Amino acid sequence: MDQAEKLRNIIKAQNDTQERQARVITVTSGKGGVGKSSVSINLALQFRKQGKSVIIFDADFGLANIEVMFGAIPKYNLADMIFRGKEFKDIIVEGPEGIGFISGGSGINGLGNMNKDQVQYLVFKLKELEKLADIIIIDTGAGISDSVLEFVVSSSEVLLVTTPEPTSITDAYALLKTLSARSTFDKDYTEIKVITNRVSSYEEGRNLYNKLEVVVCKFLNINLKYLGIIPMDANMSKAVMQQKPISSAYPNSAAAEAIEKLAVALLNNTEVEESKRNGLAKAVMNIFENRFKK
Ligand SMILES: Nc1ncnc2c1ncn2[C@@H]1O[C@H](COP(=O)(O)OP(=O)(O)O)[C@@H](O)[C@H]1O
Ligand SMILES: [Mg+2]
(Lines give C-alpha, C1' and ligand atoms only; values in the text may rest on other atoms or scores of the structure.)
(Ligands and ions follow the chains in the order given, each with its own letter.)
Protein backbone atom coordinates (compact mmCIF):
# COMPACT_ATOMS: atom_id res chain seq x y z
CA MET A 1 0.00 0.00 0.00
CA ASP A 2 1.52 3.36 -0.91
CA GLN A 3 1.37 6.43 1.27
CA ALA A 4 -1.45 8.08 -0.65
CA GLU A 5 -3.57 4.96 -0.46
CA LYS A 6 -3.02 4.75 3.31
CA LEU A 7 -4.22 8.31 3.71
CA ARG A 8 -7.27 7.64 1.57
CA ASN A 9 -8.13 4.75 3.87
CA ILE A 10 -7.78 6.98 6.91
CA ILE A 11 -10.22 9.45 5.43
CA LYS A 12 -12.58 6.65 4.49
CA ALA A 13 -12.41 4.88 7.85
CA GLN A 14 -13.10 8.10 9.69
CA ASN A 15 -16.02 8.86 7.41
CA ASP A 16 -17.54 5.51 8.28
CA THR A 17 -17.49 6.06 12.02
CA GLN A 18 -18.00 9.73 12.70
CA GLU A 19 -21.26 11.35 13.62
CA ARG A 20 -20.88 14.89 12.48
CA GLN A 21 -19.20 16.07 9.34
CA ALA A 22 -19.10 19.77 8.62
CA ARG A 23 -20.44 21.21 5.44
CA VAL A 24 -17.45 22.91 3.82
CA ILE A 25 -18.17 26.02 1.79
CA THR A 26 -15.28 27.59 -0.10
CA VAL A 27 -15.56 31.26 -1.03
CA THR A 28 -13.40 32.35 -3.92
CA SER A 29 -13.05 34.87 -6.77
CA GLY A 30 -10.84 35.57 -9.74
CA LYS A 31 -9.89 38.99 -8.52
CA GLY A 32 -9.25 40.47 -5.09
CA GLY A 33 -11.40 43.13 -3.47
CA VAL A 34 -14.72 41.80 -4.77
CA GLY A 35 -16.18 40.93 -1.36
CA LYS A 36 -15.04 37.38 -0.48
CA SER A 37 -14.17 38.16 3.12
CA SER A 38 -17.31 40.24 3.55
CA VAL A 39 -19.37 37.35 2.20
CA SER A 40 -17.56 34.80 4.39
CA ILE A 41 -17.94 36.63 7.65
CA ASN A 42 -21.50 37.79 7.10
CA LEU A 43 -22.67 34.38 5.91
CA ALA A 44 -21.06 32.98 9.06
CA LEU A 45 -23.10 35.38 11.18
CA GLN A 46 -26.30 34.50 9.35
CA PHE A 47 -25.63 30.78 9.78
CA ARG A 48 -25.11 31.40 13.51
CA LYS A 49 -28.43 33.17 13.61
CA GLN A 50 -29.97 30.01 12.15
CA GLY A 51 -28.43 28.00 14.97
CA LYS A 52 -25.44 26.50 13.16
CA SER A 53 -21.95 26.31 14.58
CA VAL A 54 -19.48 27.88 12.19
CA ILE A 55 -15.72 28.05 11.75
CA ILE A 56 -14.10 30.39 9.24
CA PHE A 57 -10.81 29.21 7.87
CA ASP A 58 -8.88 32.17 6.50
CA ALA A 59 -6.80 30.88 3.63
CA ASP A 60 -6.26 34.39 2.29
CA PHE A 61 -2.63 34.77 3.17
CA GLY A 62 -2.28 38.14 1.46
CA LEU A 63 -4.15 40.58 3.66
CA ALA A 64 -5.45 39.66 7.05
CA ASN A 65 -8.98 40.60 6.09
CA ILE A 66 -11.00 38.47 8.42
CA GLU A 67 -8.68 39.31 11.30
CA VAL A 68 -9.34 42.97 10.69
CA MET A 69 -13.08 42.48 10.33
CA PHE A 70 -13.14 40.43 13.54
CA GLY A 71 -10.94 42.93 15.31
CA ALA A 72 -8.98 39.98 16.73
CA ILE A 73 -5.50 38.87 15.80
CA PRO A 74 -4.91 35.17 16.38
CA LYS A 75 -1.79 34.28 18.30
CA TYR A 76 -1.20 31.07 16.39
CA ASN A 77 -2.04 29.84 12.91
CA LEU A 78 -2.29 26.60 11.00
CA ALA A 79 1.48 26.34 10.59
CA ASP A 80 1.86 26.38 14.38
CA MET A 81 -0.34 23.33 14.51
CA ILE A 82 1.34 21.38 11.71
CA PHE A 83 4.93 22.21 12.58
CA ARG A 84 4.96 23.34 16.20
CA GLY A 85 2.63 21.07 18.10
CA LYS A 86 -0.24 23.47 18.69
CA GLU A 87 -3.77 22.10 18.89
CA PHE A 88 -6.99 23.40 17.38
CA LYS A 89 -7.95 24.81 20.75
CA ASP A 90 -4.84 27.00 20.54
CA ILE A 91 -5.35 28.19 16.98
CA ILE A 92 -9.13 28.71 16.89
CA VAL A 93 -9.98 32.26 17.93
CA GLU A 94 -13.50 32.98 19.05
CA GLY A 95 -15.04 35.86 17.12
CA PRO A 96 -18.40 37.63 17.40
CA GLU A 97 -21.41 35.41 18.13
CA GLY A 98 -19.13 32.48 18.89
CA ILE A 99 -17.88 32.10 15.35
CA GLY A 100 -14.61 30.19 15.29
CA PHE A 101 -11.79 31.60 13.25
CA ILE A 102 -8.57 29.94 12.09
CA SER A 103 -5.79 31.81 10.38
CA GLY A 104 -4.09 29.87 7.61
CA GLY A 105 -1.09 32.14 8.06
CA SER A 106 1.81 30.92 5.99
CA GLY A 107 0.48 27.43 6.61
CA ILE A 108 -1.33 27.19 3.30
CA ASN A 109 1.67 28.17 1.22
CA GLY A 110 3.74 25.71 3.18
CA LEU A 111 1.39 22.80 2.50
CA GLY A 112 3.19 21.85 -0.69
CA ASN A 113 6.42 21.35 1.25
CA MET A 114 5.17 19.09 4.01
CA ASN A 115 6.67 15.65 4.43
CA LYS A 116 4.42 12.63 4.53
CA ASP A 117 4.19 12.48 8.31
CA GLN A 118 3.10 16.08 8.40
CA VAL A 119 0.51 15.47 5.70
CA GLN A 120 -0.81 12.47 7.57
CA TYR A 121 -0.99 14.46 10.79
CA LEU A 122 -2.79 17.33 9.09
CA VAL A 123 -5.32 15.00 7.48
CA PHE A 124 -6.07 13.54 10.92
CA LYS A 125 -6.44 16.99 12.41
CA LEU A 126 -8.69 18.24 9.65
CA LYS A 127 -11.02 15.31 10.11
CA GLU A 128 -11.12 16.32 13.77
CA LEU A 129 -11.91 19.89 12.78
CA GLU A 130 -14.79 18.76 10.61
CA LYS A 131 -16.42 17.31 13.69
CA LEU A 132 -16.19 20.57 15.60
CA ALA A 133 -18.64 22.60 13.54
CA ASP A 134 -21.72 22.30 11.37
CA ILE A 135 -20.28 24.56 8.70
CA ILE A 136 -16.71 25.47 7.79
CA ILE A 137 -16.28 28.48 5.53
CA ILE A 138 -12.98 28.75 3.71
CA ASP A 139 -12.11 32.27 2.63
CA THR A 140 -9.54 31.74 -0.11
CA GLY A 141 -7.24 34.34 -1.47
CA ALA A 142 -8.04 35.59 -4.94
CA GLY A 143 -6.24 34.13 -7.86
CA ILE A 144 -4.71 31.02 -8.90
CA SER A 145 -2.14 29.51 -6.57
CA ASP A 146 -1.85 25.74 -6.63
CA SER A 147 -2.91 25.15 -3.05
CA VAL A 148 -5.85 27.53 -3.19
CA LEU A 149 -7.10 25.83 -6.36
CA GLU A 150 -6.87 22.51 -4.60
CA PHE A 151 -9.11 23.76 -1.83
CA VAL A 152 -11.55 24.82 -4.49
CA VAL A 153 -11.59 21.52 -6.40
CA SER A 154 -11.82 19.60 -3.14
CA SER A 155 -14.93 21.40 -1.96
CA SER A 156 -18.29 20.15 -3.01
CA GLU A 157 -19.61 23.68 -2.62
CA VAL A 158 -17.88 26.76 -3.97
CA LEU A 159 -19.19 30.30 -3.87
CA LEU A 160 -17.72 32.39 -6.67
CA VAL A 161 -18.01 36.10 -5.97
CA THR A 162 -17.96 38.57 -8.82
CA THR A 163 -18.87 42.21 -9.36
CA PRO A 164 -19.96 44.14 -12.46
CA GLU A 165 -16.41 45.39 -13.03
CA PRO A 166 -15.20 43.96 -16.37
CA THR A 167 -11.93 42.74 -14.83
CA SER A 168 -13.84 40.93 -12.10
CA ILE A 169 -15.79 38.96 -14.71
CA THR A 170 -12.79 38.16 -16.92
CA ASP A 171 -10.81 37.08 -13.87
CA ALA A 172 -13.69 34.90 -12.71
CA TYR A 173 -13.69 33.29 -16.15
CA ALA A 174 -9.91 32.82 -16.03
CA LEU A 175 -10.21 31.09 -12.66
CA LEU A 176 -12.92 28.76 -13.96
CA LYS A 177 -10.83 27.98 -17.03
CA THR A 178 -7.83 27.03 -14.90
CA LEU A 179 -10.08 24.95 -12.67
CA SER A 180 -11.66 23.06 -15.53
CA ALA A 181 -8.22 22.16 -16.88
CA ARG A 182 -7.14 20.63 -13.59
CA SER A 183 -6.95 16.86 -13.43
CA THR A 184 -8.46 16.80 -9.93
CA PHE A 185 -11.47 18.92 -10.90
CA ASP A 186 -14.74 17.00 -11.12
CA LYS A 187 -17.69 19.04 -12.32
CA ASP A 188 -20.14 16.59 -10.83
CA TYR A 189 -18.52 16.86 -7.41
CA THR A 190 -17.83 20.58 -7.16
CA GLU A 191 -20.87 22.75 -7.41
CA ILE A 192 -20.07 26.37 -8.20
CA LYS A 193 -22.61 28.95 -7.11
CA VAL A 194 -22.18 32.51 -8.26
CA ILE A 195 -22.84 35.56 -6.09
CA THR A 196 -22.97 38.90 -7.88
CA ASN A 197 -21.84 41.58 -5.46
CA ARG A 198 -21.98 45.37 -5.60
CA VAL A 199 -24.77 45.42 -8.13
CA SER A 200 -27.42 48.13 -8.43
CA SER A 201 -30.40 45.82 -9.03
CA TYR A 202 -31.54 42.21 -9.24
CA GLU A 203 -31.57 42.59 -13.03
CA GLU A 204 -27.98 43.74 -13.14
CA GLY A 205 -26.96 40.77 -11.02
CA ARG A 206 -28.89 38.30 -13.11
CA ASN A 207 -27.56 39.73 -16.39
CA LEU A 208 -24.04 39.57 -15.08
CA TYR A 209 -24.51 35.93 -14.18
CA ASN A 210 -26.08 35.15 -17.56
CA LYS A 211 -23.12 36.71 -19.38
CA LEU A 212 -20.68 34.57 -17.45
CA GLU A 213 -22.80 31.44 -17.80
CA VAL A 214 -23.05 31.75 -21.57
CA VAL A 215 -19.28 31.71 -22.11
CA VAL A 216 -18.65 29.11 -19.43
CA CYS A 217 -21.28 26.85 -20.95
CA LYS A 218 -19.85 27.30 -24.43
CA PHE A 219 -16.15 26.91 -23.70
CA LEU A 220 -15.71 25.13 -20.37
CA ASN A 221 -16.90 21.86 -19.00
CA ILE A 222 -18.36 23.40 -15.83
CA ASN A 223 -21.89 23.79 -14.52
CA LEU A 224 -22.60 27.09 -12.82
CA LYS A 225 -25.52 27.91 -10.58
CA TYR A 226 -26.81 31.29 -9.59
CA LEU A 227 -27.11 31.99 -5.89
CA GLY A 228 -28.09 35.68 -5.93
CA ILE A 229 -27.05 39.27 -5.46
CA ILE A 230 -25.64 41.59 -2.85
CA PRO A 231 -26.40 45.21 -3.66
CA MET A 232 -23.88 47.98 -3.63
CA ASP A 233 -24.26 49.41 -0.14
CA ALA A 234 -22.22 52.15 1.52
CA ASN A 235 -22.91 50.56 4.91
CA MET A 236 -20.56 47.77 3.90
CA SER A 237 -17.47 49.98 3.94
CA LYS A 238 -18.76 51.87 6.98
CA ALA A 239 -18.98 48.57 8.85
CA VAL A 240 -15.45 47.61 7.78
CA MET A 241 -14.15 50.91 9.17
CA GLN A 242 -15.78 50.06 12.49
CA GLN A 243 -14.22 46.60 12.35
CA LYS A 244 -17.66 45.08 12.50
CA PRO A 245 -19.45 42.85 10.03
CA ILE A 246 -22.34 44.66 8.36
CA SER A 247 -24.76 41.98 9.63
CA SER A 248 -24.11 43.12 13.19
CA ALA A 249 -23.45 46.84 12.60
CA TYR A 250 -26.32 47.45 10.16
CA PRO A 251 -28.55 44.37 10.25
CA ASN A 252 -31.37 46.13 8.39
CA SER A 253 -29.22 47.45 5.57
CA ALA A 254 -29.88 46.27 2.03
CA ALA A 255 -26.62 44.31 1.84
CA ALA A 256 -27.11 42.58 5.20
CA GLU A 257 -30.62 41.54 4.23
CA ALA A 258 -29.42 40.25 0.88
CA ILE A 259 -26.74 38.15 2.57
CA GLU A 260 -29.34 36.77 4.96
CA LYS A 261 -31.33 35.60 1.92
CA LEU A 262 -28.24 33.94 0.48
CA ALA A 263 -27.61 32.16 3.78
CA VAL A 264 -31.18 30.93 3.99
CA ALA A 265 -31.01 29.73 0.38
CA LEU A 266 -27.81 27.83 1.16
CA LEU A 267 -29.30 26.24 4.27
CA ASN A 268 -32.48 25.25 2.48
CA ASN A 269 -30.46 23.53 -0.17
CA THR A 270 -30.13 20.13 1.36
CA GLU A 271 -28.65 18.49 -1.66
CA VAL A 272 -25.12 18.43 -0.27
CA GLU A 273 -24.73 14.75 0.41
CA GLU A 274 -22.83 13.52 3.42
CA SER A 275 -20.62 11.47 1.11
CA LYS A 276 -19.42 14.67 -0.52
CA ARG A 277 -18.30 16.13 2.76
CA ASN A 278 -14.62 15.53 3.03
CA GLY A 279 -13.38 18.78 1.60
CA LEU A 280 -10.51 19.83 3.80
CA ALA A 281 -8.78 16.51 4.20
CA LYS A 282 -9.26 15.78 0.52
CA ALA A 283 -7.63 19.08 -0.40
CA VAL A 284 -4.53 18.21 1.57
CA MET A 285 -4.43 14.74 0.00
CA ASN A 286 -4.61 16.22 -3.47
CA ILE A 287 -1.93 18.80 -2.78
CA PHE A 288 0.25 15.96 -1.55
CA GLU A 289 -0.42 13.70 -4.52
CA ASN A 290 0.02 16.49 -7.06
CA ARG A 291 3.66 16.72 -6.13
CA PHE A 292 4.26 13.31 -7.61
CA LYS A 293 2.40 14.07 -10.80
CA LYS A 294 4.62 16.98 -11.79
N1 LIG B 1 -21.91 45.14 -1.55
C2 LIG B 1 -20.93 46.01 -1.25
N3 LIG B 1 -21.18 47.35 -1.28
C4 LIG B 1 -20.22 48.23 -0.97
N5 LIG B 1 -18.96 47.90 -0.64
C6 LIG B 1 -18.63 46.60 -0.61
C7 LIG B 1 -19.60 45.59 -0.92
N8 LIG B 1 -19.00 44.38 -0.81
C9 LIG B 1 -17.71 44.62 -0.44
N10 LIG B 1 -17.49 45.95 -0.33
C11 LIG B 1 -16.24 46.61 0.06
O12 LIG B 1 -15.21 46.18 -0.82
C13 LIG B 1 -13.98 46.06 -0.14
C14 LIG B 1 -13.41 44.68 -0.42
O15 LIG B 1 -14.20 43.70 0.19
P16 LIG B 1 -13.58 42.36 0.79
O17 LIG B 1 -14.68 41.57 1.38
O18 LIG B 1 -12.40 42.67 1.65
O19 LIG B 1 -13.08 41.68 -0.59
P20 LIG B 1 -12.07 40.45 -0.81
O21 LIG B 1 -12.07 39.61 0.40
O22 LIG B 1 -12.63 39.77 -2.02
O23 LIG B 1 -10.73 41.04 -1.12
C24 LIG B 1 -14.26 46.30 1.34
O25 LIG B 1 -13.88 47.60 1.67
C26 LIG B 1 -15.77 46.16 1.44
O27 LIG B 1 -16.29 46.97 2.44
MG1 LIG C 1 -10.44 38.91 1.52
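The values are calculated or read from the model by the stated rules, or taken from the named source; none is laboratory data. Nothing here was measured: the structure is a model prediction, and the numbers come from that model. Counting neighbours? That spans all protein chains shown, and the Cβs are built from the backbone with ideal geometry, glycine included.
Below, the figures for the structure above:
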item: Output for the stretch 1-55, where each listed residue is more than 17 Å from ILE230 (Cα to Cα), at pLDDT 60 or above and not in a loop (DSSP other than H, G, I, E, B); result: GLU5, ARG23, VAL24, ILE25, THR26, ARG48, LYS49, VAL54, ILE55
item: Failed criterion for LEU179 (all others in (1) away from ligand 2 (no atom under 16 Å from the Cβ); (2) modelled with pLDDT of 85 or more; (3) touching a Lys or Arg at 6+ places or on another chain (Cβ under 8 Å) hold); result: (3)
item: Test: residue in the stretch 268-278 that is modelled with pLDDT of 85 or more, surrounded by fewer than 17 Cβ atoms within 10 Å (Cβ to Cβ) and in a helix (DSSP H, G or I); result: yes
item: Of residues in the stretch 183-211 being among the charged types (D, E, K, R) and part of a helix (DSSP H, G or I), the one surrounded by the fewest Cβ atoms within 10 Å (Cβ to Cβ); result: GLU203
item: Selection status of SER156, within 16 Å of ligand 2 (Cβ to nearest atom), surrounded by 17 or more Cβ atoms within 10 Å (Cβ to Cβ) and of a type in the set (S, T, N, Q); result: no
item: Test: residue in the stretch 90-106 that is part of a helix (DSSP H, G or I), crowded, with 21+ Cβ neighbours inside 10 Å and modelled with pLDDT under 80; result: no
item: Some residue of the stretch 241-262 being β-branched (Val, Ile, Thr), under 30 Å from SER180 (Cβ atoms), part of a helix (DSSP H, G or I) and out of contact with any Cys (no Cβ under 9 Å at 6 or more places or on another chain); result: yes
item: Subset of the stretch 133-144 [at pLDDT below 85 and surrounded by fewer than 22 Cβ atoms within 10 Å (Cβ to Cβ)]; result: ALA142, GLY143, ILE144
item: The stretch 173-189, residues that are without any contact (Cβ under 8 Å) to a residue 12 or more places away in the chain and of a type outside the set (D, E, K, R); result: ALA181
item: Residues of the stretch 225-241 that turn out to be surrounded by fewer than 16 Cβ atoms within 10 Å (Cβ to Cβ), among the aliphatic types (A, V, I, L, M) and either under 20 Å from the mean Cα position of the chain (by Cα) or under 13 Å from ASN42 (Cβ atoms) (or both), as a count; result: 0
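Here's the yes/no breakdown for (1) within 16 Å of ligand 2 (Cβ to nearest atom); (2) at pLDDT 95 or above; (3) closer than 15 Å to SER168 by Cβ:
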position	(1), (2), (3)
THR190	no, no, no
ASN210	no, yes, no
ILE229	no, yes, yes
ASP233	no, yes, no
GLU257	no, yes, no
GLU260	no, yes, no
ALA263	no, yes, no
